[in-house]
1. Does Cys26 satisfy being surrounded by fewer than 16 Cβ atoms within 10 Å (Cβ to Cβ), in a strand (DSSP E or B) and of a type outside the set (Ser, Thr, Tyr)?
2. Hey, any hits in region 63-72 for a residue that's among the hydrophobic types (A, V, I, L, M, F, W, C), at pLDDT 95 or above, in contact with a Cys (Cβ under 7 Å, 6 or more places away or on another chain) and not in a loop (DSSP other than H, G, I, E, B)?
3. Residues being of a type outside the set (D, E, K, R) and under 16 Å from Asp180 (Cα atoms): count how many of those fall in region 139-162.
4. For residues that are among the aromatic types (Phe, Trp, Tyr) and under 25 Å from Arg117 (Cα atoms), tally how many sit in region 150-189.
5. Taking the options Arg92, Arg35, name whichever one is more than 12 Å from the chain's Cα centre (by Cα), surrounded by fewer than 15 Cβ atoms within 10 Å (Cβ to Cβ) and not β-branched (Val, Ile, Thr).
6. Scan region 121-148 residue by residue and report those that are in contact with a Leu (Cβ under 9 Å, 6 or more places away or on another chain), of a type outside the set (S, T, N, Q) and touching a residue at least 24 places away in the same chain (Cβ under 8 Å).
7. Limited to region 170-202, what total is found for residues that are surrounded by fewer than 20 Cβ atoms within 10 Å (Cβ to Cβ), assigned to a strand (DSSP E or B) and either at positive phi or not basic (Lys, Arg) (or both)?
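The values are calculated or read from the model by the stated rules, or taken from the named source; none is laboratory data. Small disclaimer: the values here were computed from a predicted structure and weren't measured. Cβ coordinates were reconstructed from backbone atoms using ideal geometry, including for glycine residues, and neighbour counts include every protein chain displayed.
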Amino acid sequence: MRIVCISDTHGLHAQLRLPDGDLLVCTGDFSRRGRRAEVVEFNRWLGTLPHRHKVIIAGNHDFLLEEDSSARSLFDHAIYLQDSECQIEGIRIYGSPWQPRFFDWAFNLDRGEPLRRVWAQIPSGIDLLLTHGPPHGVLDVTSRGLRVGCEELSRALLRIRPRAHVFGHIHESYGQLQRDGIHYVNASSCNLQYQPIHPPIVIDL
């Protein structure tokens, strides 16, 4: 399966040039402030794309999805995952929007036990893991040189062992790497200046 990965488009998704693929995934921050109109427009855009399957999660900018669970029904052109799993053509996919607390944005949890409980829900045998934020030590370096990924997520990955883990959140650490049998992708589409200049990343599972 050819998977096209994007994240952190911040309402500028229409400016992206998307390659062909079987599955499009977006790991959150598709809006600027998570307003209903932004969610509706993003869903409309998804409906114009040729990819057979689309799976998305929310991020810390996508407030509506945290504040109103009924907003999930606005997506009829993609599968929306929130601490949940789907299976597409034999590929098990799990998605979760949470990340370590970052000011007063959406889907924030304190480091330590609150995040450990979230990651403990992820079953073993997942092929593709989608989270908004990175694990600690993997494509998580800020412009100030700080590693801000989630330590509890790093520990959970030792158990889950997905074939691929896609995330965003830290725009300036866009890229991909292979480590310990896991293909990690930071698919942030925007750079630190919120310009959508990072090309979508394509992986094959």
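1. Values: surrounded by fewer than 16 Cβ atoms within 10 Å (Cβ to Cβ): no; in a strand (DSSP E or B): yes; of a type outside the set (Ser, Thr, Tyr): yes.
No.
2. Here is the first cut: in region 63-72, the ones among the hydrophobic types (A, V, I, L, M, F, W, C) are 63-65, 71.
Going one step further and asking which of them are at pLDDT 95 or above, we end up with 63-65, 71.
Remaining after also requiring in contact with a Cys (Cβ under 7 Å, 6 or more places away or on another chain): none.
No, the conditions are met nowhere in region 63-72.
3. First, pick out the residues of region 139-162 that are of a type outside the set (D, E, K, R): 139, 141-143, 145-146, 148-150, 153-154, 156-158, 160, 162.
Narrowing the set further to residues that are under 16 Å from Asp180 (Cα atoms) leaves 139, 153-154, 156-158, 160, 162.
So the answer is 8.
4. 2
5. Numbers: Arg92 fails: surrounded by fewer than 15 Cβ atoms within 10 Å (Cβ to Cβ).
None of the other options fit; the residue is Arg35.
6. Hits for region 121-148 are Ile122, Asp127, Leu128, Leu129, Leu130, Gly133, Pro134, Pro135, Val138, Leu139, Asp140.
7. Adding up the residues that qualify gives 7.
One line per residue, one yes/no per condition, for (1) assigned to a helix (DSSP H, G or I); (2) under 24 Å from His183 (Cβ atoms):
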site: Ala14; (1), (2): yes, no
site: Asn43; (1), (2): yes, no
site: Val55; (1), (2): no, yes
site: Arg111; (1), (2): no, no
